[in-house]
1. Output the residue which, of all residues in segment 150-181 that are surrounded by fewer than 12 Cβ atoms within 10 Å (Cβ to Cβ) and at pLDDT below 95, is nearest to residue 121 (Cα to Cα).
2. Filter segment 18-34 down to residues that are under 12 Å from residue 5 (Cβ atoms) and outside any strand (DSSP E or B), then give me how many there are.
3. Test of understanding: among 207, 186, 197, which residue is part of a loop (DSSP other than H, G, I, E, B), among the hydrophobic types (A, V, I, L, M, F, W, C) and modelled with pLDDT of 95 or more?
4. Could you grab me the full set of residues in segment 121-170 that are touching a residue at least 60 places away in the same chain (Cβ under 8 Å), farther than 11 Å from residue 199 by Cα and not hydroxyl-bearing (Ser, Thr, Tyr)?
5. Can you say whether residue 97 is in a helix (DSSP H, G or I), in contact (Cβ under 8 Å) with a residue 40 or more places away in the chain and among the hydroxyl-bearing types (Ser, Thr, Tyr), as far as the supplied structure shows?
6. So which of 82, 19 ends up being without any contact (Cβ under 8 Å) to a residue 24 or more places away in the chain and either in the same structural domain as residue 119 (by TED's automatic domain parsing) or over 21 Å from residue 120 (Cα atoms) (or both)?
7. Working only within segment 35-85, note down all residues that are touching a Pro at 6+ places or on another chain (Cβ under 8 Å) and either outside any loop (DSSP other than H, G, I, E, B) or basic (Lys, Arg) (or both).
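The values are calculated or read from the model by the stated rules, or taken from the named source; none is laboratory data. As the structure is a prediction and not an experimental result, all values here were calculated from the model. Note: ideal-geometry Cβ built from the backbone for every residue, glycine included; neighbour counts use all protein chains shown.
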Amino acid sequence: MKILIITNGDISDLFFLQEKIKDHDYLICVDGAARYLRKIQQKPDLMVGDMDSVSDEDLSWIESFKIPVKRYKTRKDYTDTEIAIDAALDHNARFITILGAVGNRLDHSLSNIFLLKKIDDAGIEGLIADKSFELQYLNKDKQLDWKRGEVVSFIPIDQEEAILSLDGFEYPLENKAVSRGTSLCVSNVVARDCPSVIINNGSILAVRNKKVP
């Protein structure tokens, strides 16, 4: 099952949101993200959160659909986004996409990015997406569905060096040790469609800056 999680960060393109919803089987709304779904009149399958950022009007609109709404205390050990990921895992997700994961709260944005590791640890592919970029956590070889000319970056995140080979990029690498805290792999360019990254050690964040018409 492909599950889409909508969080309360920045979603500037509602058409992009609608297209992503069509491409997924199950929709989880996180707290204040109800405002986006109400604008496009899209019913979610589940709502979770402590309800500290959703308006009374948006919450009433969600509740009118009689879907499950799971409320949590504001004082808790996990963010609403992590709770939504746990819910997706409970629904046997095989692929999880998160929209609105990045916004003006830097702490929440960073936390959401590193929650991609939790998804990977569960053996599931995860993606943070926006109209202009995609972000994924990688610790094994992967052929990427990226397009020629796109600007991309690979950011090591482990204490130990990442050993990377990049094939299909303007700046290729072969078994190159790349340390966390270096910008060596920032702003590469895809030289052909569907390039590949080979990871012989470590893990990375792979960032795709999409060409937007």
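1. Here the residue is 159.
2. Number of matching residues: 5.
3. 186
4. 129, 130, 131, 133, 134, 135, 136, 144, 146, 147, 149, 150
5. No; evaluated as a whole, the condition is false for this residue.
6. The match here is 19.
7. Answer for segment 35-85, where residues must be touching a Pro at 6+ places or on another chain (Cβ under 8 Å) and either outside any loop (DSSP other than H, G, I, E, B) or basic (Lys, Arg) (or both): 37, 46, 47, 62.
Let's see how each residue does on (1) closer than 22 Å to residue 19 by Cα; (2) out of contact with any strand residue (DSSP E or B) (no Cβ under 8 Å at 6 or more places or on another chain):
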| residue | (1), (2) |
| --- | --- |
| 46 | yes, no |
| 51 | no, no |
| 72 | no, no |
| 75 | no, yes |
